[in-house]
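Single-structure report; data block below.
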Amino acid sequence: MQFYSTNNKNLRVSFQEAVFNSLPQDKGLYMPENIPTLDPYFIKNIQQYSFQEIAFQIANAIIGDDIPEKDLKAIIEDAINFDAPLRFLSPETAVLELFHGPSYAFKDFGARFMSRVMGYFSKQGDQLLDVLVATSGDTGGAVALGFLGVEGTRVTILYPKGKVSKVQEEQLTTNGQNIRALEVEGTFDDCQALVKQAFNDPELNQKLRLTSANSINIARLIPQTFYYFWAYAQLKSQGMGEVVFTVPSGNFGNIGAGLLAFKMGLPVSHFVAGTNVNDTVPRFLNSGLYEPKASVQTLANAMDVGNPSNWVRIQDLFHNNLSELQGMISSYTYNDEETKKGMDELYEQFKYVACPHTAIAYLASKAYRKDHPGEYASVFLSTAHPCKFPEAISEEVYKEVKLPAGAEKLQGLPKLAEELKVDYVAFKAYLIENN
Ligand SMILES: *Cc1c(COP(=O)(O)O)cnc(C)c1O
C-alpha cells in the first residue's frame, strides 16, 4: 500500500517511509491510497474471532503488502496483548474500556504497534533510532512503555515539570534501559517547541537518526481501528448490531480511526465526538467555518487541543464534504463544571469511576440519545484509567479508585529524570553528549 499526503494526492510514499517520517514535507498527513473494505462475510461472522485475529485481518488489509503475514501476526500478538472489554452500564449503554494496556490509556494501542513496526523496519547495523517526544502526560507514558526494550530504538521524553500527575510521572521516569526522561522547567508548549526545533536542526539530524512518535503517525492510527471492530464483535455476541460510538476527542485521532473503520466496512450508524471547551470541531460542524483557537486548559487535559491535527484526515475521508460529515458525526461540548457532574453521575448511578475524558464521552452519548431516541447500542469510549487524573476527580469518588497492580509497582522506584531549562542549546548539547 502506498500513502499519499492530504495536501497532494500525487505525493506517494511507502508505508515504511510514512512510519519514519510522520509528516509529509508539504505538511499534509499520510493516508492510504485506497481504503480496503473487509470481506462482508468476515464482518457478518466477526463474533467468532478473537481480538488479535480481528486486528490481524484489518492490519493485513491495509499493510499486508509491506509486512509478510507471519511477521505482521507476530507484531500484533506482541503489541495487542491486552483486552478492550465492553462493559454494559444498562441494556442499551456500554463503555468500551481502552485502558487495560501498560500506561492505562488508549494511546497504548497506537504506541505499542508503532514501536514494533519501527523495530521491524530497523535492520541490524542501522544507526540507532532516536525517538523524540513531548508530552502533556498520556502520550509520553504510552510511548515510553511501548518502546521499552525495543531493540534499535532510544526514546527521549520531554515533560513539563509539575504539570503531570503522579502515576503519569512514574510511567515516564522509572524505566531506564532505552528510555530517557527530561523534566522541563516550562509548559507542554515549551516541550513541543524544543522537540520541533530539534527536528528542524540539520546538524543534529546529521548526527542522530531522529524520528517522532507523534499522534499523527499512520502507524498509530491503524491499530486504533482494531478496537472498534472488536467492540462490534462483542455487541454481536450479545445479539446486538446497530451501534453509535461516542469518542472523547482532542486531536481527533481516536475518532478518526473509528471513521476509517467505518469506511472499511464496519457497520456503524453514527459517531459522536465529545469535547471539552476546546470546541474547534463542534463549531466547524455547526458553521462550516474552521477557526482554530489557542488551547484552553481543562480538567480533561489530554483533550486540550485548539487545532486538532487529525481533523484533515477526517475531512479527507469525507471528501471535504460538509454535509456528508454532518450526516455521520455529531458533537457536544462540556465545560469543567459539567464534566465534574458527569463523573459524579457515573459514580452515583452506575458505581463507575471514570476519568474526566470518559465522563465527557458519557455525557455526549447521553445527549445524543436524548436527541435521537431509538433502538441501538450507545457505546462510549473510556480512554484512560481514572488513577491517572486524581486532581480532576472529586475526593469521595477518587477514594473508590483501585490502583492497578502495575501502577502500584512503580511507587517508590527511583526517579530517573534530568532537569532541563527551556533552552534549545542545552537540549541539543544533552542529545549530543549522551549519544
Ligand atoms: C489523547 C487522549 C484523548 C484524546 O484523543 P485524540 O485521539 O487526541 O482525540 C482522550 N482521552 C485521553 C485520556 C487521552 O490520553
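The values are calculated or read from the model by the stated rules, or taken from the named source; none is laboratory data. Note that this is a predicted model, so its numbers are computed, not measured. So basically every Cβ, Gly included, is an ideal-geometry build from the backbone, and we count neighbours across all protein chains shown. Keep in mind that these areas ignore ligands, DNA and RNA; they rest on the heavy atoms of the full protein, side chains included. Shrake-Rupley method; radii C 1.70, N 1.55, O 1.52, S 1.80 Å.
Taking strands (runs of 3 or more DSSP E) that do not extend beyond the stretch 179-298, which have at least 2 residues that are in contact (Cβ under 8 Å) with a residue 12 or more places away in the chain and within 30 Å of F42 (Cβ to Cβ)? Break it down into steps so the answer makes sense when it comes.
Numbers: elements: 179-184, 209-212, 243-248, 270-275.
Per the criteria, 243-248, 270-275.
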| message | Restricting to the stretch 316-328, and then to whatever is open to solvent by 10 Å² or more (accessible area, probe 1.4 Å) and in contact (Cβ under 8 Å) with a residue 40 or more places away in the chain, can you tell me which residue is farthest from the ligand (Cβ to nearest atom)? | response | Q326
| note | Within the stretch 219-260, the residues that are closer than 20 Å to N60 by Cα, of a type in the set (A, V, I, L, M, F, W, C) and within 14 Å of the ligand (Cβ to nearest atom) are L221, I222, A257, L259, L260
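Somewhere in the stretch 413-425, is a residue in a helix (DSSP H, G or I) and touching a residue at least 12 places away in the same chain (Cβ under 8 Å)? Show your work before the answer.
Filtering the stretch 413-425 for residues in a helix (DSSP H, G or I) gives 424-425.
From the residues that got through so far, the ones that are touching a residue at least 12 places away in the same chain (Cβ under 8 Å) too are 424.
Yes, because at least one residue in the stretch 413-425 is in a helix (DSSP H, G or I) and touching a residue at least 12 places away in the same chain (Cβ under 8 Å).
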| message | For a quick check of your reading: which helices (runs of 4 or more DSSP H) sit entirely within the stretch 62-168 and have at least 3 residues that are open to solvent by 10 Å² or more (accessible area, probe 1.4 Å) and not hydroxyl-bearing (S, T, Y)? | response | 69-79, 107-121
| query | Q52 versus (1) assigned to a loop (DSSP other than H, G, I, E, B); (2) away from the ligand (no atom under 16 Å from the Cβ); (3) closer than 30 Å to K409 by Cβ: which is the lone unmet condition? | reply | (1)
| query | Hey, does the stretch 307-330 have a residue that's closer than 22 Å to V379 by Cα and among the hydroxyl-bearing types (S, T, Y)? | reply | yes
| request: Tell me which of these P373 doesn't satisfy, since it passes every other one: (1) within 16 Å of the ligand (Cβ to nearest atom); (2) more than 21 Å from the chain's Cα centre (by Cα); (3) not in a helix (DSSP H, G or I). | output: (1)
| message | So, K44, is that one farther than 23 Å from V150 by Cα and at pLDDT below 95 or not? | response | no
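Select from the stretch 357-369 the residues that are more than 16 Å from the ligand (Cβ to nearest atom) and not aromatic (F, W, Y) and list them in ascending order.
Taking the stretch 357-369 as the starting set, the residues that turn out to be more than 16 Å from the ligand (Cβ to nearest atom) are 366-369.
Across the stretch 357-369, the qualifying residues are K366, A367, R369.
Check L410, L431, L363 and return the single one that is touching a residue at least 40 places away in the same chain (Cβ under 8 Å), in contact with an Asp or Glu (Cβ under 9 Å, 6 or more places away or on another chain) and open to solvent by less than 10 Å² (accessible area, probe 1.4 Å). Don't jump to the end; show me each part of the working.
Values: L410 fails: open to solvent by less than 10 Å² (accessible area, probe 1.4 Å); L363 fails: open to solvent by less than 10 Å² (accessible area, probe 1.4 Å).
Every option except L431 fails the conditions.
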| request: Select from the stretch 330-360 the residues that are over 19 Å from L403 (Cα atoms), of a type in the set (S, T, N, Q) and touching a strand residue (DSSP E or B) at 6+ places or on another chain (Cβ under 9 Å) and list them in ascending order. | output: S330, S331, T333, Q349
| Yes or no: A354 open to solvent by less than 30 Å² (accessible area, probe 1.4 Å), part of a helix (DSSP H, G or I), modelled with pLDDT of 95 or more and within 14 Å of the ligand (Cβ to nearest atom)? | no
| request: Identify, by number, the condition in (1) open to solvent by 30 Å² or more (accessible area, probe 1.4 Å); (2) touching a helix residue (DSSP H, G or I) at 6+ places or on another chain (Cβ under 8 Å); (3) of a type in the set (S, T, Y) that S249 doesn't meet. | output: (1)
